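Colleague: Let me begin by handing over the structure; questions about it come next.
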Amino acid sequence: MTTRRQFLQAGLATVAAVALPGKMLLAETSPKRAKFTLALQTWTLRNFDFEQAVKITKAAGIDEIEIAGSNTWGWRPEGDGRRGRSVDLNAEERRTLRSILNDNGVRAVSLGGAQGTVQDFEFAKEMGMDFLQGEPRHPRQQGEPWNHQGRLVELLITVSKRAEEYGMRYAVHNHAYDSIYWDYRQNLEWVKDCSPALGFCPDTGHYIRSGFCPVCVVSAFKERLVSVHMKDLSGTNLRNTEEGRRGLRDVAWGTGYGQVEAILKELTDQEFTGPVIIEYDHIYPDGNVGDVNKNAEFFRKFVG
(Lines give C-alpha, C1' and ligand atoms only; values in the text may rest on other atoms or scores of the structure.)
Protein backbone atom coordinates (compact mmCIF):
# COMPACT_ATOMS: atom_id res chain seq x y z
CA MET A 1 0.00 0.00 0.00
CA THR A 2 1.34 3.43 -0.95
CA THR A 3 1.54 5.88 1.93
CA ARG A 4 0.80 9.59 1.50
CA ARG A 5 4.47 10.45 2.14
CA GLN A 6 5.63 7.96 -0.50
CA PHE A 7 3.09 9.39 -2.96
CA LEU A 8 4.38 12.93 -2.37
CA GLN A 9 7.98 11.86 -2.80
CA ALA A 10 7.15 9.99 -5.99
CA GLY A 11 5.43 13.07 -7.39
CA LEU A 12 8.45 15.28 -6.73
CA ALA A 13 10.80 12.73 -8.26
CA THR A 14 8.67 12.49 -11.39
CA VAL A 15 8.57 16.25 -12.06
CA ALA A 16 12.13 16.22 -13.36
CA ALA A 17 11.17 13.57 -15.90
CA VAL A 18 8.20 15.43 -17.38
CA ALA A 19 8.93 16.58 -20.91
CA LEU A 20 7.91 20.20 -21.39
CA PRO A 21 6.50 21.45 -24.70
CA GLY A 22 8.28 23.99 -26.85
CA LYS A 23 8.82 27.44 -25.39
CA MET A 24 5.58 29.46 -25.27
CA LEU A 25 5.70 33.10 -24.33
CA LEU A 26 3.33 34.28 -21.65
CA ALA A 27 0.73 36.89 -22.54
CA GLU A 28 1.31 40.33 -21.08
CA THR A 29 -2.32 40.61 -20.12
CA SER A 30 -2.52 40.00 -16.36
CA PRO A 31 -1.51 42.34 -13.53
CA LYS A 32 2.00 41.77 -12.23
CA ARG A 33 2.16 40.38 -8.69
CA ALA A 34 5.02 39.62 -6.37
CA LYS A 35 3.87 36.03 -5.76
CA PHE A 36 0.90 33.74 -6.12
CA THR A 37 -2.22 34.52 -4.11
CA LEU A 38 -5.10 32.61 -2.54
CA ALA A 39 -8.64 32.76 -3.93
CA LEU A 40 -11.89 30.86 -3.45
CA GLN A 41 -14.28 29.45 -6.06
CA THR A 42 -17.80 30.43 -5.02
CA TRP A 43 -18.99 26.92 -5.96
CA THR A 44 -17.26 25.75 -2.76
CA LEU A 45 -19.80 27.74 -0.71
CA ARG A 46 -22.82 27.02 -2.91
CA ASN A 47 -25.00 26.28 0.14
CA PHE A 48 -24.85 30.00 0.98
CA ASP A 49 -26.13 33.01 -0.89
CA PHE A 50 -23.54 35.23 -2.58
CA GLU A 51 -23.24 37.82 0.17
CA GLN A 52 -22.82 35.15 2.84
CA ALA A 53 -20.18 33.41 0.73
CA VAL A 54 -18.22 36.63 0.31
CA LYS A 55 -18.34 37.35 4.04
CA ILE A 56 -17.16 33.81 4.85
CA THR A 57 -14.35 34.23 2.34
CA LYS A 58 -13.21 37.51 3.86
CA ALA A 59 -13.46 36.14 7.41
CA ALA A 60 -11.06 33.38 6.36
CA GLY A 61 -8.53 36.03 5.32
CA ILE A 62 -9.08 35.52 1.59
CA ASP A 63 -9.35 38.65 -0.57
CA GLU A 64 -10.06 37.14 -3.99
CA ILE A 65 -12.78 34.96 -5.46
CA GLU A 66 -13.56 33.21 -8.71
CA ILE A 67 -17.24 33.58 -9.52
CA ALA A 68 -18.87 30.34 -10.64
CA GLY A 69 -20.43 30.49 -14.08
CA SER A 70 -23.57 28.86 -12.72
CA ASN A 71 -24.53 29.38 -9.12
CA THR A 72 -27.37 29.63 -6.62
CA TRP A 73 -27.98 33.34 -6.86
CA GLY A 74 -30.25 33.46 -3.81
CA TRP A 75 -29.27 37.05 -3.12
CA ARG A 76 -31.19 38.34 -6.16
CA PRO A 77 -32.95 41.64 -5.30
CA GLU A 78 -36.41 40.28 -6.09
CA GLY A 79 -35.78 37.40 -3.67
CA ASP A 80 -37.45 34.75 -5.80
CA GLY A 81 -34.54 32.34 -5.51
CA ARG A 82 -34.08 32.02 -9.26
CA ARG A 83 -30.95 30.33 -10.49
CA GLY A 84 -29.00 30.88 -13.65
CA ARG A 85 -25.72 31.84 -15.28
CA SER A 86 -23.66 34.64 -13.84
CA VAL A 87 -23.40 36.36 -17.23
CA ASP A 88 -27.20 36.56 -17.41
CA LEU A 89 -27.44 38.84 -14.37
CA ASN A 90 -29.17 42.10 -15.28
CA ALA A 91 -27.70 45.57 -14.71
CA GLU A 92 -29.19 45.95 -11.23
CA GLU A 93 -27.99 42.52 -10.15
CA ARG A 94 -24.48 43.24 -11.41
CA ARG A 95 -24.42 46.47 -9.42
CA THR A 96 -25.47 44.49 -6.35
CA LEU A 97 -22.71 41.98 -7.06
CA ARG A 98 -20.07 44.71 -7.26
CA SER A 99 -21.43 46.42 -4.17
CA ILE A 100 -21.19 43.23 -2.10
CA LEU A 101 -17.61 42.70 -3.23
CA ASN A 102 -16.56 46.31 -2.62
CA ASP A 103 -18.22 46.52 0.79
CA ASN A 104 -16.33 43.43 1.95
CA GLY A 105 -12.98 44.25 0.38
CA VAL A 106 -13.02 41.18 -1.89
CA ARG A 107 -12.10 41.20 -5.58
CA ALA A 108 -13.45 38.90 -8.29
CA VAL A 109 -10.39 37.88 -10.30
CA SER A 110 -12.02 35.43 -12.67
CA LEU A 111 -15.20 33.88 -14.06
CA GLY A 112 -15.40 30.10 -13.87
CA GLY A 113 -17.23 27.78 -16.24
CA ALA A 114 -17.02 30.24 -19.13
CA GLN A 115 -17.13 29.09 -22.75
CA GLY A 116 -15.13 32.07 -23.94
CA THR A 117 -17.98 33.77 -25.78
CA VAL A 118 -18.17 37.51 -26.35
CA GLN A 119 -20.84 37.64 -23.62
CA ASP A 120 -18.46 35.92 -21.20
CA PHE A 121 -15.65 38.36 -21.91
CA GLU A 122 -17.96 41.38 -21.69
CA PHE A 123 -19.14 40.27 -18.24
CA ALA A 124 -15.58 39.66 -17.05
CA LYS A 125 -14.47 43.04 -18.38
CA GLU A 126 -17.35 44.82 -16.64
CA MET A 127 -16.45 43.10 -13.36
CA GLY A 128 -12.76 44.05 -13.70
CA MET A 129 -11.57 40.43 -13.82
CA ASP A 130 -8.15 39.24 -14.98
CA PHE A 131 -9.17 36.05 -16.77
CA LEU A 132 -11.88 33.50 -17.56
CA GLN A 133 -11.80 29.77 -16.92
CA GLY A 134 -13.75 26.96 -18.52
CA GLU A 135 -13.95 24.09 -21.01
CA PRO A 136 -14.88 25.32 -24.50
CA ARG A 137 -17.07 23.03 -26.62
CA HIS A 138 -17.43 23.41 -30.34
CA PRO A 139 -20.93 23.31 -31.94
CA ARG A 140 -21.17 19.54 -32.38
CA GLN A 141 -22.63 18.22 -35.61
CA GLN A 142 -24.85 15.15 -35.63
CA GLY A 143 -22.85 12.06 -34.76
CA GLU A 144 -19.67 14.04 -34.13
CA PRO A 145 -17.80 13.67 -30.80
CA TRP A 146 -17.33 16.68 -28.53
CA ASN A 147 -13.56 16.26 -28.72
CA HIS A 148 -13.29 16.32 -32.51
CA GLN A 149 -9.65 17.42 -32.65
CA GLY A 150 -9.74 19.68 -35.69
CA ARG A 151 -12.77 21.64 -34.59
CA LEU A 152 -11.62 21.89 -30.97
CA VAL A 153 -8.25 23.29 -31.99
CA GLU A 154 -10.00 25.80 -34.21
CA LEU A 155 -12.27 26.83 -31.34
CA LEU A 156 -9.38 27.18 -28.88
CA ILE A 157 -7.50 29.39 -31.33
CA THR A 158 -10.60 31.59 -31.66
CA VAL A 159 -10.97 31.86 -27.87
CA SER A 160 -7.30 32.70 -27.47
CA LYS A 161 -7.52 35.51 -30.02
CA ARG A 162 -10.65 36.83 -28.31
CA ALA A 163 -8.84 36.86 -24.97
CA GLU A 164 -6.01 38.82 -26.53
CA GLU A 165 -8.47 41.35 -27.99
CA TYR A 166 -9.98 41.94 -24.54
CA GLY A 167 -6.57 42.19 -22.88
CA MET A 168 -7.35 39.22 -20.67
CA ARG A 169 -6.44 35.55 -20.42
CA TYR A 170 -8.49 32.38 -20.77
CA ALA A 171 -7.64 29.27 -18.72
CA VAL A 172 -8.69 25.82 -19.94
CA HIS A 173 -10.05 23.75 -17.04
CA ASN A 174 -10.43 19.97 -16.78
CA HIS A 175 -12.80 17.43 -15.30
CA ALA A 176 -12.09 13.77 -14.68
CA TYR A 177 -11.54 10.96 -17.16
CA ASP A 178 -13.73 10.87 -20.26
CA SER A 179 -14.50 14.60 -20.20
CA ILE A 180 -13.12 16.67 -23.08
CA TYR A 181 -9.98 18.01 -21.38
CA TRP A 182 -9.20 15.15 -19.00
CA ASP A 183 -5.75 14.35 -20.51
CA TYR A 184 -3.21 17.13 -19.98
CA ARG A 185 -0.86 15.72 -22.65
CA GLN A 186 -3.53 16.05 -25.31
CA ASN A 187 -4.41 19.54 -24.05
CA LEU A 188 -0.82 20.68 -24.57
CA GLU A 189 -0.98 19.45 -28.17
CA TRP A 190 -4.27 21.23 -28.83
CA VAL A 191 -3.05 24.68 -27.74
CA LYS A 192 0.26 24.76 -29.62
CA ASP A 193 -1.08 27.20 -32.22
CA CYS A 194 -3.07 29.32 -29.77
CA SER A 195 -2.26 32.84 -28.73
CA PRO A 196 -0.28 32.96 -25.46
CA ALA A 197 -3.35 34.62 -23.94
CA LEU A 198 -4.78 31.11 -23.62
CA GLY A 199 -3.44 28.92 -20.83
CA PHE A 200 -4.54 26.40 -18.22
CA CYS A 201 -6.26 26.13 -14.85
CA PRO A 202 -5.43 22.57 -13.80
CA ASP A 203 -7.93 21.07 -11.37
CA THR A 204 -5.55 18.94 -9.34
CA GLY A 205 -8.36 16.84 -7.85
CA HIS A 206 -9.76 15.84 -11.23
CA TYR A 207 -6.28 15.00 -12.49
CA ILE A 208 -5.84 12.69 -9.50
CA ARG A 209 -9.21 11.11 -10.31
CA SER A 210 -7.94 10.56 -13.85
CA GLY A 211 -4.84 8.74 -12.64
CA PHE A 212 -2.29 11.53 -13.12
CA CYS A 213 0.36 12.93 -10.77
CA PRO A 214 -0.92 16.49 -10.10
CA VAL A 215 2.46 18.10 -9.43
CA CYS A 216 3.68 16.70 -12.75
CA VAL A 217 0.76 18.33 -14.55
CA VAL A 218 1.43 21.70 -12.89
CA SER A 219 5.07 21.40 -13.96
CA ALA A 220 4.13 20.52 -17.55
CA PHE A 221 1.79 23.53 -17.80
CA LYS A 222 4.47 25.92 -16.55
CA GLU A 223 4.64 28.19 -19.59
CA ARG A 224 0.85 28.54 -19.86
CA LEU A 225 -0.23 28.32 -16.23
CA VAL A 226 -2.91 30.92 -15.40
CA SER A 227 -4.40 29.59 -12.14
CA VAL A 228 -4.75 26.38 -10.15
CA HIS A 229 -7.84 24.73 -8.70
CA MET A 230 -6.14 23.19 -5.69
CA LYS A 231 -7.67 20.12 -4.09
CA ASP A 232 -6.55 17.54 -1.59
CA LEU A 233 -8.28 14.17 -1.82
CA SER A 234 -8.88 11.23 0.48
CA GLY A 235 -7.03 8.82 -1.81
CA THR A 236 -5.45 8.25 -5.22
CA ASN A 237 -6.69 6.66 -8.42
CA LEU A 238 -3.50 5.59 -10.16
CA ARG A 239 -5.35 2.83 -12.04
CA ASN A 240 -7.93 5.37 -13.30
CA THR A 241 -11.00 3.29 -12.45
CA GLU A 242 -14.60 4.46 -12.21
CA GLU A 243 -14.80 3.05 -8.70
CA GLY A 244 -11.74 5.06 -7.71
CA ARG A 245 -13.16 8.27 -9.15
CA ARG A 246 -16.42 7.90 -7.23
CA GLY A 247 -14.74 7.09 -3.93
CA LEU A 248 -12.47 10.13 -3.60
CA ARG A 249 -13.56 13.01 -1.34
CA ASP A 250 -12.22 16.52 -0.80
CA VAL A 251 -10.23 16.88 2.43
CA ALA A 252 -8.39 19.77 4.09
CA TRP A 253 -5.09 20.66 2.44
CA GLY A 254 -2.13 18.68 3.67
CA THR A 255 -4.22 15.80 5.09
CA GLY A 256 -4.69 13.71 1.94
CA TYR A 257 -2.97 12.48 -1.20
CA GLY A 258 -3.20 15.67 -3.25
CA GLN A 259 0.50 16.61 -3.19
CA VAL A 260 -0.47 20.08 -2.00
CA GLU A 261 2.89 20.83 -0.39
CA ALA A 262 4.75 19.64 -3.49
CA ILE A 263 2.54 21.71 -5.81
CA LEU A 264 3.03 24.90 -3.77
CA LYS A 265 6.77 24.27 -3.84
CA GLU A 266 6.62 23.80 -7.62
CA LEU A 267 4.67 27.05 -8.01
CA THR A 268 7.26 28.85 -5.88
CA ASP A 269 10.08 27.49 -8.04
CA GLN A 270 8.19 28.60 -11.17
CA GLU A 271 7.81 32.10 -9.70
CA PHE A 272 4.11 31.73 -10.45
CA THR A 273 2.07 34.86 -9.73
CA GLY A 274 -1.52 33.79 -10.39
CA PRO A 275 -4.18 32.66 -7.92
CA VAL A 276 -4.29 29.30 -6.17
CA ILE A 277 -8.02 28.66 -5.86
CA ILE A 278 -9.86 26.62 -3.22
CA GLU A 279 -12.63 24.57 -4.81
CA TYR A 280 -14.62 21.71 -3.29
CA ASP A 281 -16.80 19.25 -5.16
CA HIS A 282 -17.97 17.66 -1.90
CA ILE A 283 -20.23 19.49 0.57
CA TYR A 284 -19.73 18.91 4.29
CA PRO A 285 -22.45 19.58 6.90
CA ASP A 286 -21.02 23.02 7.72
CA GLY A 287 -21.13 24.01 4.06
CA ASN A 288 -17.33 23.67 3.84
CA VAL A 289 -16.66 26.69 6.08
CA GLY A 290 -14.35 24.73 8.36
CA ASP A 291 -12.19 23.45 5.52
CA VAL A 292 -12.03 26.88 3.87
CA ASN A 293 -10.55 28.25 7.09
CA LYS A 294 -8.15 25.31 7.44
CA ASN A 295 -6.94 25.68 3.86
CA ALA A 296 -6.43 29.42 4.24
CA GLU A 297 -4.35 28.82 7.37
CA PHE A 298 -2.35 26.09 5.59
CA PHE A 299 -1.64 28.51 2.73
CA ARG A 300 -0.54 31.31 5.05
CA LYS A 301 1.87 29.01 6.86
CA PHE A 302 3.37 27.91 3.56
CA VAL A 303 3.85 31.36 2.05
CA GLY A 304 4.85 32.97 5.35
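Colleague: Tell me, which residue of the range 120-159 that is modelled with pLDDT under 90 and part of a helix (DSSP H, G or I) is surrounded by the most Cβ atoms within 10 Å (Cβ to Cβ)?
Modeller: Restricting to residues being modelled with pLDDT under 90 and part of a helix (DSSP H, G or I), the top hit is Arg151.
Colleague: I'd like to check something: does the range 191-208 contain any residue that is over 21 Å from Leu132 (Cβ atoms) and touching a Leu at 6+ places or on another chain (Cβ under 6 Å)?
Modeller: Yes: the range 191-208 contains one or more residues that are over 21 Å from Leu132 (Cβ atoms) and touching a Leu at 6+ places or on another chain (Cβ under 6 Å).
Colleague: Here's a follow-up. Return only the number of the condition from (1) in contact with an Asp or Glu (Cβ under 8 Å, 6 or more places away or on another chain); (2) surrounded by fewer than 24 Cβ atoms within 10 Å (Cβ to Cβ) that Val215 does not satisfy.
Modeller: Val215 satisfies all of (1) in contact with an Asp or Glu (Cβ under 8 Å, 6 or more places away or on another chain); (2) surrounded by fewer than 24 Cβ atoms within 10 Å (Cβ to Cβ) except (2).
Colleague: A further question on this structure: Can you work out which of the residues in the range 205-227 that are without any contact (Cβ under 8 Å) to a residue 60 or more places away in the chain and of a type in the set (Val, Ile, Thr) is nearest to Glu271 (Cα to Cα)?
Modeller: Val218
Colleague: Any idea which of Gly69, Gly81 is at positive phi, touching a Ser or Thr at 6+ places or on another chain (Cβ under 9 Å) and at pLDDT below 95?
Modeller: One residue alone meets the criteria, Gly81.
Colleague: So Pro202 clears everything in (1) crowded, with 24+ Cβ neighbours inside 10 Å; (2) touching a residue at least 40 places away in the same chain (Cβ under 8 Å); (3) not polar (S, T, N, Q) except one condition, right? Which one?
Modeller: (2)
Colleague: Okay, moving on. Could you please tell me which pairs satisfy a Cβ distance under 8 Å, a separation of 6+ or placement on different chains, a first residue in the range 124-139 that is farther than 12 Å from Ala163 by Cβ, and a second residue that is in a strand (DSSP E or B)?
Modeller: Met127/Ile67; Met127/Ala108; Met127/Leu111; Gly128/Arg107; Gly128/Ala108; Glu135/Val172
Colleague: Anything in the range 82-92 that is assigned to a helix (DSSP H, G or I) and farther than 19 Å from Thr57 by Cβ? List them, or say none.
Modeller: Val87, Asp88, Ala91, Glu92, listed by residue number.
Colleague: Quick check on the range 188-196. Is at least one of its residues closer than 28 Å to Arg300 by Cβ and crowded, with 18+ Cβ neighbours inside 10 Å?
Modeller: no
Colleague: Could you tell me which residue of the range 259-283 is farthest from the chain's Cα centre (by Cα), considering only residues that are part of a helix (DSSP H, G or I) and acidic (Asp, Glu)?
Modeller: Asp269
Colleague: Something else about it: Restricting attention to the range 226-261, which residues are crowded, with 24+ Cβ neighbours inside 10 Å, closer than 29 Å to Lys192 by Cβ and hydrophobic (A, V, I, L, M, F, W, C)?
Modeller: Residues satisfying the conditions are Val226, Val228, Met230.
Colleague: Criterion first (closer than 15 Å to Ile263 by Cβ and in contact with a strand residue (DSSP E or B) (Cβ under 6 Å, 6 or more places away or on another chain)) does Ser227 satisfy it?
Modeller: yes
Colleague: At least 3 residues that are under 15 Å from the mean Cα position of the chain (by Cα) in each: list the helices (runs of 4 or more DSSP H) lying fully within the range 165-245 that qualify.
Modeller: 204-209, 214-220
Colleague: Would you pick out the residues in the range 246-258 that are in a loop (DSSP other than H, G, I, E, B) and under 29 Å from Leu111 (Cβ atoms)?
Modeller: Residues satisfying the conditions are Leu248, Arg249, Ala252, Trp253, Gly254, Gly256, Gly258.
Colleague: Still on this structure, please answer the following. Mind listing whichever residues of the range 275-300 are among the small types (Gly, Ala, Ser) and either touching a Gly at 6+ places or on another chain (Cβ under 6 Å) or within 15 Å of Val251 (Cβ to Cβ) (or both)?
Modeller: Answer for the range 275-300, where residues must be among the small types (Gly, Ala, Ser) and either touching a Gly at 6+ places or on another chain (Cβ under 6 Å) or within 15 Å of Val251 (Cβ to Cβ) (or both): Gly290, Ala296.
Colleague: For the range 284-304, which residues satisfy the criterion of being at pLDDT 95 or above and part of a loop (DSSP other than H, G, I, E, B)?
Modeller: Within the range 284-304, Tyr284, Pro285, Asp286, Gly287, Asn288 qualify.
The values are calculated or read from the model by the stated rules, or taken from the named source; none is laboratory data. Note that the structure is predicted; figures quoted are calculated from it, not measured. Glycine gets a Cβ as well: all are built from the backbone with ideal geometry, and neighbour counts include every protein chain shown.
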